[in-house]
Amino acid sequence: MENTNINWIAMSDSAIVNKIGAFIKNERLSRNKTQAQLATAAGINKWTISQIENGEAITLLSLIQILRALDVLPLLDIFSRKQEISPIELAKKEQNKRKRARNTDNNNPKKSDW
């Protein structure tokens, strides 16, 4: 079984690029696609696929196109953070929530029947 605990902080930038390239190559091969097929699906050059798989840097836009073509774009979910609200803030918001509507038509105020 492969070690999945990678110390990303200790890795150099080029080592991280190598790791990403290896991931892309592994995903491409597991889907039985050639570099040319993946490049066509991603709308990029075959050379770009070869470049990232060999551990060379590519643009972020190209990486996104490749991830989309491999159908692994949900990997980027890690970049979205849910806004967590504390119980105290939630209680304050609940307390300030409107409980009634008010007539804002000041030009024609309703006369009371009293």
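The values are calculated or read from the model by the stated rules, or taken from the named source; none is laboratory data. Here the structure is a predicted model, which means the values were calculated and not measured. With ideal geometry, Cβ positions are generated from the backbone for all residues, glycine too; neighbour counts draw on all protein chains shown.
Restricting 15, 57, 41 to those that are modelled with pLDDT under 95, surrounded by 11 or more Cβ atoms within 10 Å (Cβ to Cβ) and assigned to a helix (DSSP H, G or I) reduces the list to 15.
Of the residues making up the stretch 79-92, those that are of a type outside the set (Ser, Thr, Tyr) and either within 29 Å of the chain's Cα centre (by Cα) or under 30 Å from residue 64 (Cα atoms) (or both) are 79, 81, 82, 83, 84, 85, 87, 89, 90. Among the residues of the stretch 1-42, just one is small (Gly, Ala, Ser), free of Cβ contacts under 8 Å to residues at least 24 places away in the same chain and within 15 Å of residue 63 (Cα to Cα), namely 39. Taking residues in the stretch 72-91 that are part of a loop (DSSP other than H, G, I, E, B), and partners anywhere that are exposed (fewer than 10 other Cβ atoms within 10 Å of the Cβ) and modelled with pLDDT of 85 or more, not one pair has Cβ atoms closer than 6 Å while being at least 6 places apart or on different chains.
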